[in-house]
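Shown next, in structure tokens, is the structure this report addresses.
The values are calculated or read from the model by the stated rules, or taken from the named source; none is laboratory data. Not measured: the values here are computed from a predicted model. All Cβ positions, even for glycine, are placed from backbone atoms using ideal geometry, and neighbour counts span all protein chains on display. The protein model used for the area step is the full one, side chains on, heavy atoms only, and it has no ligands, DNA or RNA in it. Shrake-Rupley method; radii C 1.70, N 1.55, O 1.52, S 1.80 Å.
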Amino acid sequence: MKNPFSHRPIPATQVDRDLLESGIADANIPALLMILYQMTGENRWLGEPYAPKRSPGLDDNDSGQLPEDVQAQVRDAAHVAILRWLDGEPLALARPSNARLAEMLSVAMAEPVPEEYGDIVAAGMNYDKEAGPTASVPEGKTAIIIGGGVSGICAGIELSRLGVPYTLFEKNDDFGGTWFENRYPGCGVDTPSLTYTFSIRPNDWSMYFPLRDEIEAYLLDTAKSFGLYENSRFGTRVEEARWNEGSAKWDVAVTTPEGSRETHSADYLFSAVGILNTPQYPNIYGLDDFTGKIYHTSRWPDNADLAGKRVAVIGNGASGMQVAPAIADEVESLTIFARSKQWAAPFPQFRKTIPDGVRYLMQVVPLYRAWLEQRLSWTFNDRVHGTLFRDPEWEFPERAVNEINDGHRRAFTRYVNEQLEERPDLIEHVLPDYPPFAKRMLLDNGWYRTIKKDHVTLIPEHLAKIEGNTLYSSSGRTVKADVIILATGFQTTNVLGSYDIIGRGGEELHDKWGENDAAAYLGTLVPGFPNFFILLGPNVGSGHGGSMIRNIENQMHFAGEVVLSAAERGAQTVEVRDGVYEDYLRRIDEAHEKLVWTHPGTENWYRNEKGRVVAITPWRNDAFWRMTRKPDESDLAFDQAGGASHSAARTG
């Protein structure tokens, strides 16, 4: 297999050496040390005095906490090694073992990284990338994809790789999904740009945490480059998907842009509608009769004008924390109704652009980009996972779930106190009384700075009723408003709630699940619904952090392997067995019960009305990656063209 880092994207004679040098001068020291080690093979770069020291918080630790003179030595040595590599010198250590990759990441992070984590590091660096599918899908097999967001784009790319013709239906006018729909001021991603990227298509991001316009442009360009537009129909809403027992296909009923009804059929059905899809509207008395304008953050109008207006924001979750700071300086007054409290971590990379030289370094030296991505993946994905388990022996469960979690609480509390030093009266209204990470950890987009402003009022209550343009809090406080912004999120537990799915024997999927109680094997397969694959399904989202794209790619890889397994056996249909499905559901629930988000008294968008976690995974990212490499075919039921159902072990 060809080494992914043997190729030099830009010939040495065409490299802008001055720009490259400026990139090395601004580069991340821990990542530079990793490429120095691989380029030279010299172990000294992994030990003292060069080994990085751990940085607190979520910053990039660009200095490695090393003295200036040691940093200069690293940068100078990296400059020499990179120039030699550009001039044709091979990597001294072209392919470290997976165990060695984990050791290297441990050095780069200045903290222990489990040895088994090296497997996902190797995969993330494309060391073990397969050249193509190991089997073929019979000619004539087709697929339908519902949704054109990240999941739909991922499905289209993988189906093209497998040679399966598909039609993609998208209710909006273009690709993008949640990034097409969410256009509110300040909208952006809380995941580093290098990890919020399709593994098959790196991007030259301008910011460490890009805003929605750059993300949407990337998604549209990716869809275009992989030919997805030729297979897609926009402005087309899927109303129902029904399994046809006679044809062994899915019949999908859609409403066209002209309002007519059509039915399309395919062998395989991929649901890519996601969970950040259906807006959550609050039940507030008088909301429909409000005399001003009402904007949900996911339905932001292009002509919204807030200048000089009295604005009320309902909610202080992720969208509320983004939109409030973004509009604060243009409105006459801003009132925020925040009935719950949120932990928000320091965010030194907020609106921070990537220096041109560093962007160039990542293009010229892909190995540097790869190591920078692996560091960010660990920091924002699995670094914290081991600290989220509920310790039954911990003596202060009212404030934390274990000793390390209590340390996180102290650090985040210290940050809040520092930010609101001039307004101590606000601290009791924003400081949570539940353990950190019991809800998704938010990033401080200027939130604390905003609520201190003279024309901003934080009301730590829910909005109880509206009369005309007067808003009443639950305690009776009143405020006048011209505009209400509903930053109230999505119906995250109402999985696949935008259309009906009817499987074998006329069973309706939502009836099988029960209200807001979705479940699926690996978030993907449900018994009784053959040839049906859910992307970003139940228990796939990441509560402890991480890029949704990676989990979606893992799911789609697994789905492709299931399709290939069926093809190898000449099977017409494939689905997960009931017992396997039930056992996975049991394991999911048992795992969640040990984690912070099921802490007594905690409310979050991960859980349904019964308290069961539906939206997110309990697994570490490398664990889910392993689960989705190859299906255990004894877990699957295959139907031959003649109709006999059986399971089989893979041969060969």
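In table form, for the structure just shown:
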item	result
Inter-residue pairs, beta-carbon under 7 Å, first in contact (Cβ under 8 Å) with a residue 60 or more places away in the chain and among the polar types (S, T, N, Q) and in segment 442-464, second assigned to a loop (DSSP other than H, G, I, E, B) and open to solvent by 10 Å² or more (accessible area, probe 1.4 Å), 6+ apart	N445/G186; N445/F347; N445/F350
Any hit, segment 518-541, residues being crowded, with 22+ Cβ neighbours inside 10 Å, farther than 30 Å from D119 by Cα and within 25 Å of the chain's Cα centre (by Cα)	yes
Segment 417-459, residues that are more than 17 Å from G320 (Cα to Cα) and in contact with a Phe, Trp or Tyr (Cβ under 7 Å, 6 or more places away or on another chain)	Q419, L420, P436, A438
Residue under evaluation G407, criteria (1) part of a helix (DSSP H, G or I); (2) open to solvent by 40 Å² or more (accessible area, probe 1.4 Å); (3) among the small types (G, A, S), criterion not met	(2)
Residue selected from segment 492-517 under the condition under 20 Å from G611 (Cβ atoms) and touching a helix residue (DSSP H, G or I) at 6+ places or on another chain (Cβ under 8 Å), by the criterion surrounded by the most Cβ atoms within 10 Å (Cβ to Cβ)	V495
Residue count, segment 476-491 (criterion: over 30 Å from S271 (Cβ atoms), in a strand (DSSP E or B) and open to solvent by less than 40 Å² (accessible area, probe 1.4 Å))	4
In segment 228-243, residue nearest to N203 (Cα to Cα) [restricted to those that are in contact (Cβ under 8 Å) with a residue 60 or more places away in the chain and touching a helix residue (DSSP H, G or I) at 6+ places or on another chain (Cβ under 7 Å)]	L228
Sole residue being within 26 Å of the chain's Cα centre (by Cα), at pLDDT 95 or above and either assigned to a strand (DSSP E or B) or within 30 Å of L159 (Cα to Cα) (or both), chosen from V580, V563	V563
Failed condition for Q280, given (1) open to solvent by less than 30 Å² (accessible area, probe 1.4 Å); (2) touching a residue at least 24 places away in the same chain (Cβ under 8 Å); (3) of a type in the set (S, T, N, Q)	(1)
Single residue of segment 21-63 satisfying the filter (small (G, A, S) and modelled with pLDDT under 95) that is farthest from R95 (Cα to Cα)	G57
Unmet criterion (only one of (1) more than 19 Å from I314 (Cα to Cα); (2) open to solvent by 40 Å² or more (accessible area, probe 1.4 Å); (3) part of a helix (DSSP H, G or I)) for R449	(1)
Leading residue by the ranking (nearest to R626 (Cα to Cα)) among those in segment 495-526 that are assigned to a helix (DSSP H, G or I) and of a type outside the set (A, V, I, L, M)	W513
Single residue of segment 22-56 satisfying the filter (closer than 27 Å to H544 by Cβ and open to solvent by 50 Å² or more (accessible area, probe 1.4 Å)) that is farthest from the chain's Cα centre (by Cα)	K53
Strands (runs of 3 or more DSSP E) enclosed by segment 229-306 - at least 2 residues per element that are farther than 30 Å from K465 by Cβ and touching a strand residue (DSSP E or B) at 6+ places or on another chain (Cβ under 8 Å)	232-234, 237-244, 249-255, 261-266, 268-271
Count - residues of segment 199-217 that are open to solvent by less than 10 Å² (accessible area, probe 1.4 Å) and either of a type in the set (K, R) or closer than 24 Å to T278 by Cα (or both)	2
Lone unmet requirement of (1) at negative phi; (2) under 25 Å from the mean Cα position of the chain (by Cα) for R310	(2)
Residues (part of a loop (DSSP other than H, G, I, E, B) and of a type outside the set (K, R)) located in segment 69-96	D87, G88, E89, P90, L91, A92, L93, A94, P96
Close pairs (7 angstrom Cβ cut-off, 6 or more residues apart or separate chains): under 26 Å from V137 (Cα atoms) in segment 571-584, part of a helix (DSSP H, G or I) anywhere	V574/V562; V574/S565; V574/A566; V576/D635; R577/D635; V580/D635
Matching residues in segment 1-21 - criterion: being without any contact (Cβ under 8 Å) to a residue 40 or more places away in the chain and either assigned to a loop (DSSP other than H, G, I, E, B) or open to solvent by less than 70 Å² (accessible area, probe 1.4 Å) (or both)	K2, P11
Residue identified as over 30 Å from H264 (Cα atoms) and in contact with a Gly (Cβ under 7 Å, 6 or more places away or on another chain) among A92, A122	A92
Tally, over segment 250-265, of residues that are farther than 21 Å from G503 by Cα and crowded, with 16+ Cβ neighbours inside 10 Å	0
Search result, residues across segment 207-226 that are more than 20 Å from D173 (Cβ to Cβ) and either part of a helix (DSSP H, G or I) or without any contact (Cβ under 8 Å) to a residue 24 or more places away in the chain (or both)	P210
Among residues of segment 606-621, those that are within 16 Å of G537 (Cβ to Cβ) and assigned to a loop (DSSP other than H, G, I, E, B), counted	7
Check on E68, open to solvent by 10 Å² or more (accessible area, probe 1.4 Å), touching a helix residue (DSSP H, G or I) at 6+ places or on another chain (Cβ under 9 Å) and under 30 Å from P346 (Cβ atoms)	no
